[in-house]
Amino acid sequence: MINAQMKEDAVKHLSEYEREQKLILECLKTDSSAITATQAAEVVKNSEKQRKDSVSAAKKQYNETVMNLQMQRDELGIISEEQYQS
């Protein structure tokens, strides 16, 4: 009788423990998905910033090159209009 009660209590506690484990595991999966989504959003945000910075740097370099070529053509006279246009 005592052994039967002990076995019954053990099964009951193990079943409760198993439910708790499943709940914890499910929470971890949900949290993991949320973390992954957050990380992905951060990567997208950072890549967009990097793209904007690259475009800005390219525009700045282009404008500086055009100004330099205009100066060489108009002020220094070391390149012709034809060279400037090509």
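Cα centroid distance between the range 40-57 and the range 2-21, in Å?
After rounding, the separation between the Cα centres reads 55 Å.
Relative to the longest principal Cα axis of the chain, at what angle does helix 2-74 sit, 0 to 90 degrees, rounded to 10?
Value to nearest ten degrees: 0.
In nm, give the distance between the simple-model label positions of Ser33 and Glu48, each being 7 Å from the Cα along the Cα-to-Cβ direction.
So the two model labels end up 2.4 nm from each other.
Two-decimal Rg/Rh of the range 45-86 from alpha-carbon positions, Kirkwood Rh?
Numbers: Rg = 14.9 Å, Rh = 11.8 Å.
Radius of gyration relative to Kirkwood radius: 1.27.
Roughly how many nanometres apart are two label points built 7 Å out from the Cα toward the Cβ at Gln5 and Glu18?
2.4
What's log10 of I(q)/I(0) for the chain at q = 0.18, 0.21, 0.25 Å⁻¹, Debye sum over Cα points only, no solvent?
-0.89, -0.97, -1.08
Setting aside same-chain residues fewer than 8 positions from Lys45, which lysines have a Cα under 30 Å from its Cα?
Qualifying lysines at Cα under 30 Å: Lys29, Lys59, Lys60.
Coordinate-derived values only; no laboratory data. Quick caveat: nothing in here was measured; it's all calculated off a predicted structure. Heads up, the Cβs are rebuilt from the backbone with ideal geometry, glycines too, and the neighbour counts pull from every protein chain shown.
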